[in-house]
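*Asks:* Quick one: this structure, given as structure tokens, is what I'll be asking you about.
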There are 2 protein chains.
Amino acid sequence: MNYPVVVEVTLRDGIADPEGATIEKALPALGFTGVARVRAGKSFRMEIDAVDESAALEKATALAERLLSNPVIENAVARSAVGS
Amino acid sequence: MNYPVVVEVTLRDGIADPEGATIEKALPALGFTGVARVRAGKSFRMEIDAVDESAALEKATALAERLLSNPVIENAVARSAVGS
């Protein structure tokens, strides 16, 4: 069966995030105040053929760590995308 | 109060996604079979000061549509990041 999965790749805590910092600095001038700690990351949606959902998430985590992220500076988290 | 929010920006259906297509093509050679419909997007995490969670999500949606995405080709969805 095909399971929809979303993988989110985020920078690890302590790794500088110039994109997030730039967005955060631009927000007040555009009328958005009270927004802090903006961090930019990547998301990947896919459909994974597996026997059950936990096998699909395991495969997604493995490929995310191998192919979609740099584990030195990034975290990759896979979750089910059913209903989102 | 500060509410943690994650905004996911994805390409609209029908918009070509060369990054996702390239990932999908590379997967079998790396030992990952049964992965289809790979779509690449962006994620943004932030903390939003608001009176309640729905106000925080409303503010996140507004700034995502104005600043974080191109509504012509992208969708932006904000959700609570509590517990994730």
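The values are calculated or read from the model by the stated rules, or taken from the named source; none is laboratory data. Source: prediction; values computed, not measured. As a convention, Cβ positions derive from the backbone with ideal geometry for all residues, glycine included, and neighbour counts pool all protein chains shown. These accessible areas exclude ligands, DNA and RNA; they are computed on the full protein's heavy atoms, side chains included. Shrake-Rupley method; radii C 1.70, N 1.55, O 1.52, S 1.80 Å.
*Asks:* How many nm separate the modelled label positions at B:A81 and B:M1, each set 7 Å beyond the Cα in the direction of the Cβ?
*Replies:* 1.8 nm
*Asks:* Whole Å is fine, so just give me how far the alpha carbon centre of segment A:1-61 lies from that of segment B:28-84.
*Replies:* 7 Å
*Asks:* Also: Once you've got the GNM for chain B with C-alpha springs shorter than 10 Å, pick whichever of B:L68, B:L11, B:L30 has the biggest mean-square fluctuation.
*Replies:* Highest fluctuation of the listed residues: B:L30.
*Asks:* Which residue, B:R37, B:R12, B:R66, has the most motion in a Gaussian network model of chain B that connects Cα atoms within less than 10 Å?
*Replies:* B:R37
*Asks:* Please report, in whole Å, how far the alpha carbons of the protein assembly as shown spread along each principal axis, starting with the longest.
*Replies:* 47, 35, 26
*Asks:* Something else: Could you work out the mean count of beta carbons from other protein chains within 10 Å of each residue's beta carbon in A:29-42?
*Replies:* Whole-number average of other-chain Cβ neighbours for A:29-42 is 6.
*Asks:* Can you work out the Karplus-derived ³J(HN,Hα) for every residue in segment B:39-51? Use 6.51 cos²θ - 1.76 cosθ + 1.60 with θ = phi - 60°, whole Hz, and x for glycine or proline.
*Replies:* Result, rounded to whole Hz: 10, 9, x, 10, 10, 10, 9, 7, 10, 10, 7, 7, 6.
*Asks:* In nm, one decimal, shortest first: how far is the label point of A:E53 (7 Å from Cα along Cα to beta carbon) from the matching points in the other copies?
*Replies:* For A:E53, the other copies' label points sit at 1.8 nm, shortest first.
*Asks:* Per DSSP H run of at least 4 residues, take -39500 (n - 2.57); add these up for chain B, divide by its residues and hand me the 222 nm value, nearest 500 deg cm²/dmol.
*Replies:* -7000 deg cm²/dmol
*Asks:* Roughly how much of B:S80 is accessible, in Å² to the nearest 10, using a 1.4 Å probe?
*Replies:* The accessible area of B:S80 comes to roughly 30 Å².
*Asks:* Between copies, how far apart are the A:P28 label points? List them in nm, one decimal, shortest first, with each point 7 Å from Cα toward Cβ, please?
*Replies:* 5.4
*Asks:* Round to the nearest 10 and report in Å² the accessible area of B:M1, as given by a 1.4 Å probe over the protein chains' heavy atoms.
*Replies:* Answer for B:M1: close to 150 Å² accessible.
*Asks:* Got a sec to turn the phi values of segment B:12-21 into Karplus ³J(HN,Hα) couplings, 6.51 cos²θ - 1.76 cosθ + 1.60 with θ = phi - 60°, whole Hz, x for Gly and Pro?
*Replies:* Whole-Hz 3J(HN,Hα) from phi for segment B:12-21: 5, 4, x, 7, 4, 10, x, 5, x, 5.
*Asks:* Where does the charge balance sit around A:M1 when Lys and Arg score +1, Asp and Glu -1, over other residues with C-beta under 12 Å from its C-beta?
*Replies:* Combined, the nearby Lys, Arg, Asp and Glu give -4.
*Asks:* A further question on this structure: Two-decimal Rg/Rh of segment A:6-84 from alpha-carbon positions, Kirkwood Rh?
*Replies:* 1.10
*Asks:* Near the amide H of A:A81, under 5 Å away, which other amide H atoms are found, from residues 5 or more places off or on another chain, if H is placed in the peptide plane?
*Replies:* A:V5, A:V6
*Asks:* For every other residue with a beta carbon closer than 13 angstrom to the beta carbon of A:E19, add +1 if it is Lys or Arg and -1 if Asp or Glu, then tell me the sum.
*Replies:* Charge balance near A:E19 sits at +3.
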